[in-house]
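What follows is a set of notes on a single structure, which appears directly below.
Coordinate-derived values only; no laboratory data. All values reported here derive from a predicted model rather than from experimental measurement. Counting neighbours? That spans all protein chains shown, and the Cβs are built from the backbone with ideal geometry, glycine included.
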Amino acid sequence: MSEQSFAYVPVDPVPADLPLQPVRTPQAWYGPDLARRPEAWTYVLSPAERAELLAAIAAVEARGTDVVDITESGFPLPALGAVLHRMRRELLQGRGFTLLRGFPVDGLTPRQRGIGFFGIGAYLGRAVSQNAKGHALGHVADLGFDYSQPTSRGYQTNVRLPYHTDAADLVGLLCVRGAKSGGLSSLVSSVTVYNEMLKRRPDLIRVLMGPVYRDRRDEIPPGKGPWYVLPVFNPHRGLMITSYVRSAIRKAQRFADVPRISPELEEAMNLLDTLAESPELHLDMTLEPGDIQFVCNHFLLHSRTTFEDFPEPERRRHLLRLWLASEDGPPLPQIFDNYTGLGADGRPMGLLLEGVRLDAPLALEDGGPGSSAQRLAAVSAP
């Protein structure tokens with residue numbers, strides 16, 4: 001497929017003399033500082049708030065509402081709702097992440113868990129599709145896929161996921177079950193990574209502000225092509241908006257009309273990864289059952305270590321995932337339309353393909369060779 005066969009916003013190389021400045025916004029934090037103050041970014045549900053949540057879940061079940069049709073107004077949380085609105089401001093305008101503890105995963109059916117998680121998410125944004133199947137409620141588990149394949153997604157494997165961003169304003173993870181070992185969650189401020197890179201190699205900053213080509217992994221929205229171009233660092237209205245998935249950049253090389261990765265781009269990505277992996281920058285956390293982590297993709301990169309599962313299907317690692325578009329999210333440059341497309345409200349539209357409707361599957365799907373997904377689905381009820 002040639003460049004001219006589909007439309008995209010072009011990106012020009014950044015002039016070598018373009019002045020660059022450090023970014024001083026609330027998202028420019030250092031992991032060790034926050035590790036010493038977990039109370040600043042962790043909220044534990046009270047017994048009254050858990051009861052309120054269970055009542056809202058029961059009301060949705062009684063009405064028979066489809067999970068994807070749950071809205072904030074249809075999921076009343078008189079006390080917890082105010083907390084979630086404060087979290088929303090912190091996610092979009094503050095440090096860019098929160099950890100909510102105490103979601104009552106035990107004793108709930110898969111549908112009830114999905115209702116509760118989706119209902120909480122409705123207070124933070126509108127759920128968008130996470131894949132070509134229109135899944136608005138995702139399942140993060142080892143489904144036996146080979147991540148080296150161009151169309152494989154990392155969340156369906158147990159391999160280490162390098163620091164990256166997702167195709168939405170916010171990503172949320174509800175831990176249903178942890179792994180036997182590993183699976184550590186790590187966050188790093190992409191604003192801080194930018195600032196630290198600026199101190200060391202401003203020339204490589206300019207490379208990452210220029211055209212960077214990426215693979216869609218055959219998940220192609222209407223009017224888009226199999227690859228797209230989007231800078232990693234995007235200064236916009238006083239903010240530093242970041243989009244980075246190195247595997248998508250690497251896999252785009254399968255297309256003959258995509259320019260080859262230059263030595264300068266390779267060096268820039270290596271430095272970005274090295275900085276993100278530095279213990280002086282990132283923040284580690286272990287997600288326990290009932291924990292919900294929300295992250296703003298525009299200001300943070302997230303990662304996960306390799307994990308080992310228990311042999312018993314009912315004990316294997318399983319997280320639920322939401323991608324959310326928030327109408328009051330940070331302004332995005334028009335170039336982001338190349339990615340998933342921007343809606344009329346200027347927000348990312350997710351990976352919804354033509355003719356596919358949003359769905360909220362409540363059980364894990366089958367995976368690749370050796371997958372235990374069907375056994376997992378069979379025992380996913382408490």
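Ranked by the mean number of other Cβ atoms within 10 Å of their residues, highest first, the peptides 25-38, 116-129 come out as 116-129, 25-38. Across the range 3-366, the fraction of Cα-Cα pairs farther apart than 37 Å, rounded to a whole number, is 16%.
Between the Cα long axis of helix 263-276 and the first principal axis of the chain there is an angle of about 40°, rounded to the nearest 10. Excluding the site residues themselves, the longest part of the chain lacking any GluC sites (Glu not before Pro) in a DSSP loop with at most 12 other Cβ atoms within 10 Å is 1-279.
Packing, as the average of other Cβ atoms within 10 Å across residues, places the peptides 339-346, 164-171 in the order 164-171, 339-346, highest first.
The range 201-216 and the range 259-311 have Cα centres spaced 18 Å apart.
Hey, got the dipole for the chain? About the Cα centre, +1 on K and R Cβ, -1 on D and E Cβ, debye to the nearest 20?
On the way: 40 positive and 44 negative charges, 56 e Å.
I would put it at about 260 debye.
The distance from the alpha carbon centre of the range 82-120 to that of the range 1-79 is 10 Å, rounded to a whole number.
Across the options Val232, Ala28, Leu322, the greatest Cα extent toward the positive end of the charge dipole of the chain (unit charges at beta carbon of Lys, Arg, Asp, Glu) belongs to Ala28.
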